[in-house]
Amino acid sequence: MDGPSESTLLTWEKQYSPSAWSVRFPTPAEVIDFHVKFVKSESDKNKERLETTLDVPYGSGDRDKVDIYGENLPVDAPLFVYIHGGYWQMLEKETSAYPAKPLVDSGVRVMIVGYELCPEVTLEELVRQIKVAGEFVLNYATENGVKHVSIAGHSAGAHLILSMLDQMFQNAVGDELHLLKDVYLISGVYNVQELRYTKSVNKDNLLGINDANAKRLSPLYASYDHLRSVSEQGGGLRFHVYVAEHDSDVFREMSTKMSELLRSFGLKSDLSVLPGLDHFDIVEKLTSLDYTITSAILAGVAETEGMKK
């Protein structure tokens, strides 16, 4: 792909800057500032009030660890896994435990995944590492008799989930993949081809995107036909794609196309545009039991487990 014109690049810079689209605060910087403070505060509270096992390693990197919330629950309790966003270069598991309390209170164990950040690793390497995390999650579920695993990713986290779920991953985990019942993709980044040229996200190509890997690193160009058999067996694999009304045009378009692509392979996928929300409070509200996505997570668990919401 040739480099963009100056005017095209200006458009892309804004389209791939989620904070520029929020209507909650006067400036994009204030949106980010509020979000970082909010998720840290809520995560810190959850560390205090929930029973945890922290820094469980799944790989060899300093950040290749998970935090587990709800260790007072039965070992075979349903498992919810969360992968944070931050454009593969910001945030961490320590400030991403904000969804935990309403789920733990409802009988669901929560696992927050940490991962290495760019530019310490390239995006391609990060995708390889997240597959190791996925194997760890499914092994953990198998060893503990867990019957329902659900996984959610926000923004870059949604990209990592879809990048993980390729044919090689399915070959590696085998029948364990049938434990994964619900995938929640929240305001995800599903095409990195334009984003690679943006200085706001990929200054000095810190993500390591090039002509050879740009499509390969874009879930919108991937095949998910191999997941058809998983979707058709054992209660099925369901995808739930969410995007905010106040996400940018390109984010809303990516979500629409991603849900359509998944359905084109015979997979179950529903798309929800959440009114009044932006790229950040669409996950900040995961702190609430009665929030749309939290309710959907618990409904998915209830369908498999017979749990009460």
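The values are calculated or read from the model by the stated rules, or taken from the named source; none is laboratory data. Remember, it's a predicted structure, so these values are computed and weren't measured experimentally. Methodologically, a virtual Cβ is constructed for each residue, glycine included, from the backbone with ideal geometry; neighbour enumeration extends over all protein chains shown. Each accessible area value is taken on the protein alone, full model and side chains, heavy atoms only, with ligands, DNA and RNA left out. Shrake-Rupley method; radii C 1.70, N 1.55, O 1.52, S 1.80 Å.
In table form, for the structure just shown:
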quantity	calculated
Filter result (surrounded by fewer than 22 Cβ atoms within 10 Å (Cβ to Cβ) and either acidic (D, E) or in a loop (DSSP other than H, G, I, E, B) (or both)) within the range 63-86	R63, D64, E71, N72, L73, P74, V75, D76, G86
Residue within the range 217-237 that is in a loop (DSSP other than H, G, I, E, B) and under 20 Å from V121 (Cβ atoms) present	yes
Residue check, V250 open to solvent by 10 Å² or more (accessible area, probe 1.4 Å), among the hydrophobic types (A, V, I, L, M, F, W, C), within 29 Å of I293 (Cα to Cα) and assigned to a helix (DSSP H, G or I)	yes
Number of the condition not met by T11 [criteria: (1) at pLDDT below 95; (2) open to solvent by less than 50 Å² (accessible area, probe 1.4 Å)]	(2)
Residue match in the range 263-284 (condition: among the basic types (K, R) and either more than 16 Å from L162 (Cβ to Cβ) or part of a loop (DSSP other than H, G, I, E, B) (or both))	no
Candidates V183, V149, V189, V201 - the one that is of a type in the set (A, V, I, L, M, F, W, C) and at pLDDT below 95	V201
A212, sole failed condition from (1) open to solvent by 70 Å² or more (accessible area, probe 1.4 Å); (2) over 30 Å from K268 (Cβ atoms); (3) in a helix (DSSP H, G or I)	(3)
Within the range 3-57, tally of residues that are of a type in the set (F, W, Y) and part of a helix (DSSP H, G or I)	4
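Residue-by-condition table, conditions (1) surrounded by fewer than 19 Cβ atoms within 10 Å (Cβ to Cβ); (2) farther than 24 Å from L220 by Cα; (3) not aliphatic (A, V, I, L, M):
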{"residue": "H240", "(1), (2), (3)": "no, no, yes"}
{"residue": "V243", "(1), (2), (3)": "no, no, no"}
{"residue": "S264", "(1), (2), (3)": "yes, no, yes"}
{"residue": "D270", "(1), (2), (3)": "yes, no, yes"}
{"residue": "H279", "(1), (2), (3)": "no, no, yes"}
{"residue": "S288", "(1), (2), (3)": "yes, yes, yes"}
{"residue": "T294", "(1), (2), (3)": "no, yes, yes"}
{"residue": "L298", "(1), (2), (3)": "no, yes, no"}
